[in-house]
Structures are given as C-alpha cells and as structure tokens.
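**Q** Take a look at the following structure, please.
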Amino acid sequence: MYYFIVNQTGGGGRGKWTWKKVQKILAGKNIEYKVYFTGDDGSACDIAKQISSINMGDSDGVGKKKNLVVVGGDGTINEVLNGLESFDGLRFGLVPTGSGNDFARGIGIPKNTKKALHRILDSKSPEKIDLGRVRYDDGSSRYFGISSGVGLDAIVCKKALKSKMKKFLNKLGLGQAVYILLTIKTLFSMKTEKLRVSFDGGAEQIFDKTIFMAMMNFRAEGGGVKMCPDAKSDDGKLSVCLVHGVKKFQTFFLLPFLMAGKHGKFKGFELLECRNAEINFDTPQTLHLDGEYGGEVSHVRFESVENRLEIF
C-alpha cells in the first residue's frame with residue numbers, strides 16, 4: 001500500500017496535472033494506494049499525523065513499512081515531516097511539483113514525473129538521511145529537511161510567501177526568479193546583526209555585521225543556490241554558511257559566486273560543520289525552515305538528527 005499526500009495547487013497549479021500522470025501510471029501497474037489531498041482532507045501536517053498513526057496490524061498496514069509519497073514541493077514536505085508522530089517503519093518518497101524543489105535536488109529525485117515515480121516503485125535499496133531540528137525557547141521543536149537559518153535568506157523566504165509575483169512566475173515555471181529579485185532588494189534594505197554562536201557546546205563566538213547564517217542539511221536552498229557545496233545529508237552534521245563583516249555592495253557582486261557554490265574562498269564567507277549550534281541575538285530575528293516562516297527568535301538551537309528519515 002502506498003499513501004499519497006498531494007498538493008494540487010503546488011508549483012502554480014502543476015500539482016493537479018502531475019497527480020493525474022501519477023494516477024495513470026499507478027492504474028496501469030495495478031498499484032494499491034490511498035490518496036489524501038491537502039486542503040480537502042486537511043493540511044499536509046494533519047494528514048501525515050493521521051497516516052503515521054495507522055497500526056501496522058490493521059488491514060491498511062503493509063508488512064513492516066508504510067510507504068508515504070508526497071506529490072508537492074518543499075513547503076508540503078516540511079509540513080509532512082513535522083506532522084509525523086513517528087518515523088519508525090516509514091519509507092518516504094517524493095514526486096516534485098514545486099518551484100524550488102531543493103529537497104528533490106538534495107536526494108537526487110528527477111523532475112520528470114514518470115522517472116520520479118518509477119524510482120519509488122522500483123526501489124530495492126532504501127537509504128536513510130539526516131534531518132535538522134530547531135528547538136525553541138518554549139520547549140517546542142520543528143524539523144527541517146533542506147535548511148534553516150536567519151538573516152537575508154530567512155527574510156527573503158518570509159517575503160516570498162506573500163509575493164504575488166511568485167504566484168505569477170510559478171505559473172510560467174520561473175518561480176526561482178522571485179528569490180533572486182527579492183534577495184537583491186532585501187540585501188540593500190536589511191539591517192545586519194550581531195550573532196553570538198556556540199558550536200557543539202564550545203565557547204561562544206561573536207560575529208558582527210552578519211548578513212545571514214544558513215544551517216544546511218543539503219547542499220542547496222532557494223531553488224538551487226549552493227550554500228554549502230560539500231554538505232552531506234548522511235554524516236550526522238549540519239553544514240553552516242555564515243556571511244559577516246562584508247559590505248553589502250561587496251556581497252552583491254559576490255552573489256553569482258554564491259549561487260555557483262564558489263564563495264568559500266572569499267573573505268567574510270565562512271563554511272563550517274557542526275552537530276549542533278546555539279545562537280543568541282540582541283534583537284529578534286526572522287527564522288525560516290525549508291523556506292517556511294519559522295517565527296521571530298532571540299535565541300534558538302539547531303541540531304542534526306542522524307539517520308532520521310528512510311527514503312526510496
């Protein structure tokens with residue numbers, strides 16, 4: 001049995017047509033499945049919670065594994081990850097429909113619907129990847145699959161969620177352009193901040209005039225921007241891209257190097273690795289998780305959760 005969570009409005013409405021293609025392939029192979037549509041059956045978070053609570057002894061159970069497949073983009077995936085009550089006995093697959101598709105890129109899922117689905121149906125050797133987790137001061141926590149962070153990229157993500165331009169460009173298949181335009185605009189209008197960071201429980205370090213700090217599980221975010229070109233999602237670590245002490249106009253001219261993953265050699269661009277990091281800010285900062293708004297925080301802890309998610 002395969003359980004599909006489908007966001008029909010993902011990617012400017014491409015999700016609806018992608019699901020029709022998936023449905024046709026499943027019917028042709030006589031694959032047994034159940035489908036849940038976000039918006040109709042609830043949010044992706046609620047649906048994931050419902051699926052993860054299915055008792056494996058029920059008629060809906062499949063041996064020792066539940067096969068959960070998302071037809072959607074990075075935002076839908078983040079909802080699903082944070083809706084799952086348990087990752088035990090669960091196998092995760094993805095047919096991408098979003099504008100960024102950084103999760104799909106990170107685990108090597110092709111954009112082609114038929115190829116993506118066959119990778120799931122023909123899988124013989126599932127793998128496990130790490131997830132990142134953010135812990136808040138109130139004791140709550142949230143997972144992220146791609147990245148989380150504060151500063152420029154978080155502010156851009158927050159603006160993009162409300163951008164009418166994004167909805168329009170998504171329909172044209174140009175959703176990534178919104179992030180580029182908003183990044184340039186935000187870079188010159190934002191205020192740089194002082195960060196106090198402790199990596200892996202070590203001594204606190206101070207970073208003045210910080211433009212952004214990205215905590216990466218995969219190599220790229222924002223539609224393919226290679227923040228940490230050497231990041232691995234199965235090493236039990238988070239890769240860090242920290243930009244500080246650089247003038248804004250210099251950062252602007254270095255953006256092409258950042259997008260190409262060639263920024264590590266420039267002053268003010270630091271690439272690090274850690275298992276966890278604790279950050280304090282003088283004033284509340286915008287936080288994002290997989291491009292979704294994560295609130296305004298003055299203190300936050302990031303950590304890697306090793307071998308958390310089994311994927312096709």
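**Q** Need the failing condition index for residue 191 against (1) of a type in the set (Lys, Arg); (2) open to solvent by less than 70 Å² (accessible area, probe 1.4 Å); (3) modelled with pLDDT of 90 or more; (4) out of contact with any strand residue (DSSP E or B) (no Cβ under 8 Å at 6 or more places or on another chain), just the number.
**A** Answer for residue 191: the failing condition is (2).
**Q** Do you know which of the residues in region 265-274 that are surrounded by fewer than 17 Cβ atoms within 10 Å (Cβ to Cβ) and not hydrophobic (A, V, I, L, M, F, W, C) is farthest from residue 204 (Cα to Cα)? Let's see the steps before the verdict.
**A** Of all residues in region 265-274, those surrounded by fewer than 17 Cβ atoms within 10 Å (Cβ to Cβ) come to 265-267, 270, 272.
Still in the list and also not hydrophobic (A, V, I, L, M, F, W, C): 265, 267, 270.
Working: 265: 24, 267: 21, 270: 16 Å.
Taking the candidates together, the pick is 265.
**Q** Moving to a separate point now. Can you pull out every residue in region 5-35 that is in contact (Cβ under 8 Å) with a residue 40 or more places away in the chain and not aliphatic (A, V, I, L, M)?
**A** Result: 7, 10, 11, 12, 13, 14, 15, 18, 19, 21, 29.
**Q** Let me ask something else about it. Looking only at residues in region 228-258 that are touching a residue at least 60 places away in the same chain (Cβ under 8 Å), open to solvent by 10 Å² or more (accessible area, probe 1.4 Å) and in contact with a strand residue (DSSP E or B) (Cβ under 8 Å, 6 or more places away or on another chain), which one is nearest to residue 144 (Cα to Cα)?
**A** Only one residue fits best here, namely 233.
**Q** Then there's this: Starting from residues that are open to solvent by less than 20 Å² (accessible area, probe 1.4 Å) and more than 15 Å from the chain's Cα centre (by Cα), keep the ones in region 288-302 and report whichever is nearest to residue 134 (Cα to Cα).
**A** The qualifying residue nearest to residue 134 (Cα to Cα) is 300.
**Q** Looking only at region 60-85, count how many residues are outside any strand (DSSP E or B) and either within 20 Å of residue 161 (Cα to Cα) or more than 19 Å from the chain's Cα centre (by Cα) (or both).
**A** Adding up the residues that qualify gives 16.
**Q** Taking residue 220, is it closer than 26 Å to residue 305 by Cα and crowded, with 19+ Cβ neighbours inside 10 Å?
**A** Judged against the criteria, residue 220 is a match.
**Q** Ok, one more. Taking region 119-142 on its own, how many of its residues are under 18 Å from residue 90 (Cβ atoms) and either assigned to a loop (DSSP other than H, G, I, E, B) or without any contact (Cβ under 8 Å) to a residue 60 or more places away in the chain (or both)?
**A** Residues meeting the conditions: 4.
**Q** Let me ask you something else. If you check every pair at least six apart or on different chains, which have Cβ atoms under 6 Å apart with a residue in region 196-222 that is over 17 Å from residue 132 (Cβ atoms) first and a residue that is assigned to a strand (DSSP E or B) and hydrophobic (A, V, I, L, M, F, W, C) second?
**A** Listed by first residue and then by second, the contacts come to 196/206; 205/197; 207/195; 210/195; 211/243.
**Q** Ok, one more. Within region 93-108, which residues are open to solvent by less than 20 Å² (accessible area, probe 1.4 Å), aliphatic (A, V, I, L, M) and under 22 Å from residue 226 (Cβ atoms)?
**A** 94, 104 - these are the residues of region 93-108 that are open to solvent by less than 20 Å² (accessible area, probe 1.4 Å), aliphatic (A, V, I, L, M) and under 22 Å from residue 226 (Cβ atoms).
**Q** Taking the residues in region 100-118 that are β-branched (Val, Ile, Thr) and in a loop (DSSP other than H, G, I, E, B) as candidates, determine which candidate is farthest from residue 239 (Cα to Cα).
**A** Checked region 100-118; the qualifying residue farthest from residue 239 (Cα to Cα) is 109.
**Q** Here is a further query. One residue is enough: does region 47-58 have a residue meeting the conditions modelled with pLDDT of 95 or more, open to solvent by less than 60 Å² (accessible area, probe 1.4 Å) and either among the aliphatic types (A, V, I, L, M) or not in a loop (DSSP other than H, G, I, E, B) (or both)?
**A** Within region 47-58, one or more residues are modelled with pLDDT of 95 or more, open to solvent by less than 60 Å² (accessible area, probe 1.4 Å) and either among the aliphatic types (A, V, I, L, M) or not in a loop (DSSP other than H, G, I, E, B) (or both).
**Q** When you check residue 133 against the structure, is it surrounded by fewer than 24 Cβ atoms within 10 Å (Cβ to Cβ), at pLDDT 95 or above and out of contact with any His (no Cβ under 8 Å at 6 or more places or on another chain), yes or no? Explain how you work it out, then say what you get.
**A** Details: surrounded by fewer than 24 Cβ atoms within 10 Å (Cβ to Cβ): yes; at pLDDT 95 or above: yes; out of contact with any His (no Cβ under 8 Å at 6 or more places or on another chain): yes.
Spelling it out, residue 133 is indeed surrounded by fewer than 24 Cβ atoms within 10 Å (Cβ to Cβ), at pLDDT 95 or above and out of contact with any His (no Cβ under 8 Å at 6 or more places or on another chain).
**Q** Are any of the residues in region 80-87 in contact (Cβ under 8 Å) with a residue 12 or more places away in the chain, open to solvent by 20 Å² or more (accessible area, probe 1.4 Å) and under 13 Å from residue 289 (Cα atoms)?
**A** The answer is yes; a qualifying residue exists.
**Q** Sticking with this structure for a sec: Quick one: which residue in 214, 177, 203 is part of a helix (DSSP H, G or I) and either closer than 24 Å to residue 18 by Cα or at pLDDT 95 or above (or both)? Before you say what the answer is, go through the steps one by one.
**A** On the way: 214 fails: part of a helix (DSSP H, G or I); 203 fails: part of a helix (DSSP H, G or I).
Going through 214, 177, 203 in turn, just one is part of a helix (DSSP H, G or I) and either closer than 24 Å to residue 18 by Cα or at pLDDT 95 or above (or both): 177.
**Q** Taking the conditions exactly as written (open to solvent by 40 Å² or more (accessible area, probe 1.4 Å) and farther than 22 Å from residue 180 by Cα), does residue 280 satisfy them or not?
**A** Values: open to solvent by 40 Å² or more (accessible area, probe 1.4 Å): yes; farther than 22 Å from residue 180 by Cα: yes.
Judged against the criteria, residue 280 is a match.
**Q** I'd like to check which strands (runs of 3 or more DSSP E) are fully inside region 234-312 and have at least 3 residues that are of a type in the set (Asp, Glu).
**A** Numbers: elements: 238-244, 269-274, 276-289, 292-311.
Qualifying strands (runs of 3 or more DSSP E): 292-311.
The values are calculated or read from the model by the stated rules, or taken from the named source; none is laboratory data. All values reported here derive from a predicted model rather than from experimental measurement. Because the Cβ atoms are built from the backbone with ideal geometry, glycine has one as well, and the counts that use them run over all protein chains shown. The accessibility values were calculated without ligands, DNA or RNA, using every heavy atom of the protein model including side chains. Shrake-Rupley method; radii C 1.70, N 1.55, O 1.52, S 1.80 Å.
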